[in-house]
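To start, the structure itself, in structure tokens.
The values are calculated or read from the model by the stated rules, or taken from the named source; none is laboratory data. Model, not experiment: these values are computed from the prediction. All Cβ positions, even for glycine, are placed from backbone atoms using ideal geometry, and neighbour counts span all protein chains on display. We work out accessible area using only protein heavy atoms, side chains counted, and drop any ligands, DNA or RNA first. Shrake-Rupley method; radii C 1.70, N 1.55, O 1.52, S 1.80 Å.
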Amino acid sequence: MRARQHPRRWTACLVTLLLVGTGTACGTGPEPPGPVTAEHEPVAPENRKAEEAAAGKAALAAYAGYLTASRAASARSDPHHPDLAKYLADPLLTRVRLVIREAKEHGAMRTGKLVSDPTVTVVSLDTVPATVEIQDCLDATDYKLVYAKTRKVVPGTGAGRHLATATATRYSDGRWLISAGVAHEDQPC
């Protein structure tokens, strides 16, 4: 039988559920194809701004989908929620799944509302693969980690407004997926 860990030890990871970053694949279901690795012809300057705007819009849509899927998976304590793989890629996909599974093993789940206000900070279409950097001010004041049976807040898991960053990567099938992210809880916004 597995010994129960003190809530503070495992909740440190759970607080940063939304934006964490490394691991190896362990999930089920379809995984995204690999990042684009082929070289592309240079884009004419007149088309560059339009392509960057389109990439930023697609990356923000993937980020919004990621937050929605992560909230749904966390509320159901379902690390294999099908929407996670629609918006996330490894290594972030695996980390999010592991944190949700760990919360489930400890009888915890997420409830409430998470408020997001993301902006695109860097569009790198000339890199292989193409990436878009996103910065967000997440307000997790009303987004609580609670014990599933009692709905009481898990001690030591309160969060407020903090900076978060994420990387969207364009894959060979044209999809933009969120592949990395970090919650900067020590940086209020």
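Structure notes:
- Shape call, the range 48-189: gyration tensor on alpha carbons, a/c limit 1.5: prolate
- Cα gyration tensor shape for the range 82-157, rounded if a/c is under 1.5, else prolate or oblate: oblate
- The range 85-189 - percent of accessible surface contributed by carbon and sulfur, probe 1.4 Å: 52
- Two-site FRET efficiency, ASP142 against CYS189, from Cβ-Cβ distance with R₀ of 25 Å, rounded to 0.05: 0.95
- Trypsin sites (Lys or Arg not before Pro) restricted to DSSP loop in the range 141-189 with at most 11 other C-beta within 10 Å: LYS149, ARG151, LYS152
- Its Cα centre serving as origin, the range 144-189 has a Cβ charge dipole (Lys and Arg +1, Asp and Glu -1) of approximately 340 debye.
- Phi to ³J(HN,Hα) by Karplus 6.51 cos²θ - 1.76 cosθ + 1.60 over the range 67-77, Hz, x for Gly, Pro: 4, 5, 5, 5, 5, 5, 5, 5, 5, 9, 6
- Where the range 146-189 is the region considered: accessible area per residue in Å², 1.4 Å probe: 52
- Qualifying lysines (Cα of each under 20 Å from Cα of LYS152; at least 8 residues distant if same chain): LYS104, LYS113, LYS144
- The calculated FRET efficiency for LYS57 paired with THR150, based on their beta-carbon distance and R0 = 35 Å, is about 0.25.
- Taking the range 43-116 and dividing mean pair separation by its residue count, relative contact order in percent (alpha carbons under 8 Å, at least six apart): 29
- Note on GLU102: accessible area approximately 50 square angstrom, rounded to 10, probe 1.4 Å, nucleic acids and ligands left out.
- Each Lys or Arg adds one and each Asp or Glu takes one away; over the other residues whose Cβ falls under 15 Å from the Cβ of THR165, this sums to -3.
- Solvent-accessible area of THR167 with every protein chain in place, 1.4 Å probe, in Å² to the nearest 10: 30
- Using θ = phi - 60° and Karplus 6.51 cos²θ - 1.76 cosθ + 1.60, couplings along the range 58-63 (whole Hz; Gly, Pro as x): 5, 5, 5, 5, 5, 5
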